[in-house]
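Q: Okay, handing you the structure first.
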Amino acid sequence: MDLGLYGKKALVCGASQGLGFACAQALVLEGVEVVIAARTLGPLKAACDALREQQNMWAQKSGVHALGVHLECVDVTTAEGRAQIKAHHPEVDILVTNAGGPPSGDFRNWQRADWLAALDANMLSPIELIKSYVDQMMDKGFGRIVNITSSAVKSPLDALGLSNGARAGLTGFVAGLARQTVAKGVTINNLLPGTFETDRLRSNFTHQAQVRGLPYDQVIKERLSKHPAQRFGQPSELGAACAFLCGVHSGYINGQNLLLDGGSFLGS
Ligand SMILES: NC(=O)c1ccc[n+]([C@@H]2O[C@H](COP(=O)([O-])OP(=O)(O)OC[C@H]3O[C@@H](n4cnc5c(N)ncnc54)[C@H](OP(=O)(O)O)[C@@H]3O)[C@@H](O)[C@H]2O)c1
């Protein structure tokens, strides 16, 4: 299916690896000009080079001009980082918000500063980014905003209280805003990943294995035995869902939480 995205421009945050990178990759393969943002220059440059190569191959095959991949080495949770992106890229058609998730733990040990950091990263930064771009999208009559959140929005885990709280706040906010933007061609949806095979997931399981004194493979095996799909999600699967939501055919999908968890959540 042609998603009709050639010529569009996207900003994908948290995109040097993992789920953000997969979204950027899926968009590049639809002919989108992409800006990727992350904090660490080395991996960001490597990601940018990989995406450029894929975009050039795609353009050659499609017989069109490659529109480019740009990088922004910034912390998207800071006002300075977001201002830098906006200064270099004042207009985009697609915004994918994403940043690292907050740490797990016991809420009794969290101080106000921990809560503010989680809210900044997983609620207020996406809202500020949306604020930067949504009016310009509505003026143009087309826009797609996709927030990468978490399955914890539907199925909260007690140890992930910071994530549960911050992401629930973002979900509530965008549910209201999405109803104000759709008539102007701008949709806002959330992708809720379950367990996807990324560095973050691998480091979570390494930590669990250390705490429990078990081999890494055993912890993985245990987890998969309880999973209906008996496998983890591949980032490219989430990337493809993101590209679909961004496509021209998805203008009537709005204000939704799309759970990608292989059926782990016991609900429909
Ligand atoms: N993987 C899963 O199974 C899963 C499940 C549920 C929810 N999630 C959530 O989905 C999001 C992405 O997860 P992931 O697994 O793709 O993580 P990941 O593999 O650790 O990748 C995170 C990406 O975001 C960048 N990043 C992190 N903080 C940033 C910041 N403040 N500003 C700019 N870039 C930032 C990282 O680069 P730098 O560190 O260089 O900035 C990296 O490119 C996280 O919020 C995570 O909690 C993931």
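Q: Quick check, is T181 more than 13 Å from the ligand (Cβ to nearest atom) and either surrounded by fewer than 17 Cβ atoms within 10 Å (Cβ to Cβ) or modelled with pLDDT of 95 or more (or both)?
A: The answer is yes for T181.
Q: Applying the selection to segment 149-163, what residues are away from the ligand (no atom under 11 Å from the Cβ) and either surrounded by fewer than 20 Cβ atoms within 10 Å (Cβ to Cβ) or among the acidic types (D, E) (or both)? Working first, answer last.
A: As a first pass, look at segment 149-163 and keep what is away from the ligand (no atom under 11 Å from the Cβ): 154, 156, 158-159, 161.
If the condition is that a residue be away from the ligand (no atom under 11 Å from the Cβ) and either surrounded by fewer than 20 Cβ atoms within 10 Å (Cβ to Cβ) or among the acidic types (D, E) (or both), then K154, P156, D158, A159 are the ones that fit.
Q: If you go through segment 102-129 one residue at a time, how many are outside any helix (DSSP H, G or I) and crowded, with 21+ Cβ neighbours inside 10 Å?
A: 1
Q: From the set of residues in segment 220-239 that are in contact (Cβ under 8 Å) with a residue 60 or more places away in the chain and crowded, with 19+ Cβ neighbours inside 10 Å, which is farthest from T97 (Cα to Cα)?
A: Looking at the filtered set, the residue picked out is P235.
Q: Exactly one of these conditions fails for E72: (1) assigned to a loop (DSSP other than H, G, I, E, B); (2) under 30 Å from A113 (Cβ atoms). Give me its number.
A: Of (1) assigned to a loop (DSSP other than H, G, I, E, B); (2) under 30 Å from A113 (Cβ atoms), only one is false for E72: (1).
Q: Let me confirm something: among V146, V76, which residue is at pLDDT 95 or above, within 10 Å of the ligand (Cβ to nearest atom) and of a type in the set (V, I, T)?
A: From the options V146, V76, the qualifying one is V76.
Q: Cβ-Cβ below 6 Å, separation at least six or inter-chain, first residue in segment 152-163 and closer than 17 Å to G262 by Cα, second aliphatic (A, V, I, L, M) and within 9 Å of the ligand (Cβ to nearest atom): which pairs?
A: From segment 152-163, the pairs are A152/L160; V153/L192.
Q: What do you reckon, is N98 among the polar types (S, T, N, Q), without any contact (Cβ under 8 Å) to a residue 12 or more places away in the chain and assigned by TED's automatic domain parsing to the domain that holds K184?
A: The answer is no for N98.
Q: Could I ask something else about it? Residue under question is G63, and the condition is that it be farther than 22 Å from R202 by Cβ and without any contact (Cβ under 8 Å) to a residue 40 or more places away in the chain; does it hold?
A: It is true that G63 is farther than 22 Å from R202 by Cβ and without any contact (Cβ under 8 Å) to a residue 40 or more places away in the chain.
Q: Considering segment 1-49 alone, what residues qualify as being within 14 Å of the ligand (Cβ to nearest atom) and closer than 12 Å to C242 by Cα?
A: So the first thing to find is which residues in segment 1-49 are within 14 Å of the ligand (Cβ to nearest atom), and the list is 11-26, 34-48.
Hits for segment 1-49 are V12, L19, G20, F21, A22, C23, A24, Q25, A26.
Q: Report yes if some residue within segment 193-207 is without any contact (Cβ under 8 Å) to a residue 24 or more places away in the chain, aromatic (F, W, Y), surrounded by fewer than 16 Cβ atoms within 10 Å (Cβ to Cβ) and not assigned by TED's automatic domain parsing to the domain that holds P126; otherwise report no.
A: The answer is no; no qualifying residue exists.
The values are calculated or read from the model by the stated rules, or taken from the named source; none is laboratory data. Keep in mind it's a predicted model, so treat the numbers as computed, not measured. Note that each Cβ is placed from the backbone with ideal geometry, even for glycine, and that neighbours are counted across all protein chains shown.
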